[in-house]
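Engineer: Sharing a structure, written as structure tokens. Questions coming.
Just so it is clear, none of the values below were taken in a lab; they were calculated from the coordinates. Keep in mind that this is a model prediction, so the values were computed, not measured. Cβ atoms come from the backbone with ideal geometry, glycine included; neighbour counts cover every protein chain shown.
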Amino acid sequence: MIKEHPINKVLVSLKAVRLKPLFFCPLLVFVLLTFSQPLSAQNEQKKRADTVRQKISKKDSLEKKHSPQKAALYSAALPGLGQAYNEKYWKIPIIYAGFGTLAYFINQNNTEYNKFKDAYTFVSSEETGEPPNEYVDRYENKDDLRKLKDYYRRNLELSYILTGALYILNIIDASVDAHFFEFNVDKDLSLEVSPYIDPNIENPAFATNGVSISLNL
């Protein structure tokens, strides 16, 4: 039996060491292929979830957008409520001061109109007895009573018209403010005025001087 030389054993073992990585390559490829598919699936699911999340956030932002229709309905239901929705609280006292003033004039004109109407009716019918108010003795001429009656009637009607106009204006104001609620007004909006010189290269004596106005939006 021929005895193998130790050098040959070393060479064989070195050759085996060189060949071992070749056996690990298919295993490594199999592992990569096995785990890459779930990873890609997870990435795809993550992208889809991000897309859905973005759509939901966009929808929520649109739903939360300041609504002019809501502001108008609020002011129609209760004057000043739309201004509160628009966070223009300083307008609410002005609105109610206007309604209070008009309510005073409505009451005053209505009282005077009824008194002059009763006095005019009493004088025109030539009734006898106790007069309905002091205007019968103060204005003996029925034409004066009629003119004053018509005067306060017109004032009463005008007070009602102004009250309706204020009510409508309150609704319009709330709607307009809601339209401009998210309007961006920053420091870049400015108006600059500066001197302007346009030199005439061919003839410097005819250079143009003026003022330049620039509006930054």
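Engineer: Please give me, ordered by residue number, the GluC sites (Glu not before Pro) of the stretch 98-155 that lie in loop per DSSP and have at most 16 other Cβ atoms within 10 Å.
Structural biologist: Working: sites: E112, E126, E127, E134, E140; in loops: E126, E127, E134, E140.
The qualifying sites are E126, E127, E134, E140.
Engineer: Sticking with this structure for a sec: Given R₀ = 45 Å, FRET efficiency for F99-E126 by Cβ-Cβ distance, to 0.05? Walk me through the numbers on the way to the answer.
Structural biologist: Working: r = 42 Å, r/R0 = 0.94.
Computed FRET efficiency for F99 and E126 comes out at 0.60.
Engineer: Tell me, what is the FRET efficiency for I172 and D150 to the nearest 0.05, using R0 = 35 angstrom and their Cβ-Cβ distance as r? If you can, show how the numbers build up before the last one.
Structural biologist: On the way: r = 32 Å, r/R0 = 0.93.
The pair I172/D150 has a calculated efficiency of 0.60.
Engineer: Quote the FRET efficiency, to the nearest 0.05, computed for K47 versus E182 with a Förster distance R0 of 45 Å and r equal to the Cβ-Cβ distance.
Structural biologist: Values: r = 31 Å, r/R0 = 0.68.
Result of the calculation: an efficiency of 0.90.
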